[in-house]
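Student: I have a structure here, written as structure tokens, and I will follow up with some questions on it.
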Amino acid sequence: MSVERVTRNADGLLWFKSSYSGSGGGDCVEIAADGHTVYVRDSKAAASGPVLRVNEDTWAAFVARTAAR
């Protein structure tokens, strides 16, 4: 997986879309990081939808566990 730069929104965060998120309207995930916090959102909903916030240690554990599957 790689990421591509998507946009900087009014929230001031620089959001990245996963390369696994296709342009065909399927499962789309964007992430942004600010300090020790990682933000995750559904890119179809973009700025209007909810955002999940986790600390960087929680995010790293999630990514490691997901990659191990």
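Student: Amide H neighbours of CYS28 under 5 Å, counting only residues 5+ apart in sequence or on other chains, H built in-plane at 1.01 Å?
Tutor: SER43, LYS44
Student: Once you list every other residue whose beta carbon is under 15 Å from the beta carbon of PRO50, what net charge do they have if Lys and Arg are +1 and Asp and Glu are -1?
Tutor: With Lys, Arg at +1 and Asp, Glu at -1, the neighbours total 0.
Student: Further question: Within a Cβ distance under 12 Å of VAL63, other residues only, what is the Lys/Arg minus Asp/Glu net charge?
Tutor: 0
Student: Which whole-Hz ³J(HN,Hα) couplings does region 30-36 yield from phi under the Karplus relation 6.51 cos²θ - 1.76 cosθ + 1.60, θ = phi - 60°, glycine and proline marked x?
Tutor: 10, 10, 8, 10, 8, x, 9
None of the figures in this text is laboratory data; all of them are computed from the coordinates on show. Computed from a prediction, not measured in an experiment: that's the story for all the values here. Counting neighbours? That spans all protein chains shown, and the Cβs are built from the backbone with ideal geometry, glycine included.
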